[in-house]
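S.K.: Sharing a structure with you now.
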Ligand code: GTP
Ligand code: MG
């Protein structure tokens, strides 16, 4: 099954949006397999966003992500990577559709409250980067048959 790394960025934590954001993924029906509040070291932020190293906004992005605690999450489910990106909405919150997290809760690209992996490969890479072995729970929600016809 597919997995994705979702992270509530420091602005989401500071603004008291943690419950609201987790709730959207829970209500959708995906399975939470990892969750922690974490102060991200600079080196980890740089590794996570290494593909954006050459961008002019990179230093600002790193100081943003390391400016306060983040909430790290791993979510599992069929099609979870693409679906989570849709729930999150466009990178620029002004272009994000109402009903999405960024569309409802943010106004600026540099303060867009949440991260989601952009491919199944990056989902695996990022979960391995942010979580240690033993921090992830492989559990079987009892509601599963009400969410998925085939288990
Ligand atoms: P993530 O889920 O955080 O990876 O966002 P994304 O996949 O929608 O966008 P992308 O990976 O291209 O950029 C990563 C993050 O860098 C964005 O979410 C923004 O926080 C930040 N970012 C991207 N473009 C800009 C920009 O033009 N200016 C600023 N200040 N930040 C940017
Ligand atoms: Mg991205």
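Yes/no per residue for (1) within 16 Å of ligand 2 (Cβ to nearest atom); (2) surrounded by fewer than 20 Cβ atoms within 10 Å (Cβ to Cβ); (3) at pLDDT 95 or above:
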{"site": "54", "(1), (2), (3)": "yes, yes, yes"}
{"site": "70", "(1), (2), (3)": "yes, no, yes"}
{"site": "86", "(1), (2), (3)": "yes, yes, yes"}
{"site": "104", "(1), (2), (3)": "no, yes, yes"}
{"site": "131", "(1), (2), (3)": "no, yes, yes"}
{"site": "139", "(1), (2), (3)": "no, yes, yes"}
{"site": "150", "(1), (2), (3)": "no, yes, no"}
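S.K.: Can you find a residue in the range 18-30 that is at positive phi, more than 10 Å from ligand 1 (Cβ to nearest atom), in contact (Cβ under 8 Å) with a residue 12 or more places away in the chain and surrounded by 14 or more Cβ atoms within 10 Å (Cβ to Cβ)? Please lay out each step first, then the result.
M.R.: Initially, the range 18-30 is screened for residues at positive phi, giving 29.
The next check asks that each one be more than 10 Å from ligand 1 (Cβ to nearest atom); those that pass are 29.
Then keep just the ones that are in contact (Cβ under 8 Å) with a residue 12 or more places away in the chain; that gives 29.
Those left that are additionally surrounded by 14 or more Cβ atoms within 10 Å (Cβ to Cβ): 29.
Within the range 18-30, one or more residues are at positive phi, more than 10 Å from ligand 1 (Cβ to nearest atom), in contact (Cβ under 8 Å) with a residue 12 or more places away in the chain and surrounded by 14 or more Cβ atoms within 10 Å (Cβ to Cβ).
S.K.: Among all residue pairs at least 6 apart or on different chains, which show Cβ distances below 6 Å where the first residue, located in the range 76-92, is at negative phi and the second is more than 9 Å from ligand 1 (Cβ to nearest atom) and assigned to a loop (DSSP other than H, G, I, E, B)?
M.R.: 76/1; 80/2; 80/30; 81/2; 90/96
S.K.: Take residue 65 and tell me if it is under 30 Å from residue 134 (Cα atoms), in contact (Cβ under 8 Å) with a residue 12 or more places away in the chain, touching a strand residue (DSSP E or B) at 6+ places or on another chain (Cβ under 9 Å) and crowded, with 22+ Cβ neighbours inside 10 Å.
M.R.: On the way: under 30 Å from residue 134 (Cα atoms): yes; in contact (Cβ under 8 Å) with a residue 12 or more places away in the chain: yes; touching a strand residue (DSSP E or B) at 6+ places or on another chain (Cβ under 9 Å): yes; crowded, with 22+ Cβ neighbours inside 10 Å: no.
Considered against the rule, which asks whether it is under 30 Å from residue 134 (Cα atoms), in contact (Cβ under 8 Å) with a residue 12 or more places away in the chain, touching a strand residue (DSSP E or B) at 6+ places or on another chain (Cβ under 9 Å) and crowded, with 22+ Cβ neighbours inside 10 Å, residue 65 comes out as no.
S.K.: Out of the range 107-127, which residues are within 10 Å of ligand 1 (Cβ to nearest atom) and either in a helix (DSSP H, G or I) or out of contact with any strand residue (DSSP E or B) (no Cβ under 8 Å at 6 or more places or on another chain) (or both)?
M.R.: If we filter the range 107-127 for residues that are within 10 Å of ligand 1 (Cβ to nearest atom), which is where we start, we get 108-118, 122, 126.
108, 109, 110, 111, 112, 118, 122, 126 - these are the residues of the range 107-127 that are within 10 Å of ligand 1 (Cβ to nearest atom) and either in a helix (DSSP H, G or I) or out of contact with any strand residue (DSSP E or B) (no Cβ under 8 Å at 6 or more places or on another chain) (or both).
The values are calculated or read from the model by the stated rules, or taken from the named source; none is laboratory data. Everything numeric here is computed off the predicted structure, so don't read it as measured data. Neighbour counts run over all protein chains shown; Cβ positions are idealised from the backbone, glycine included.
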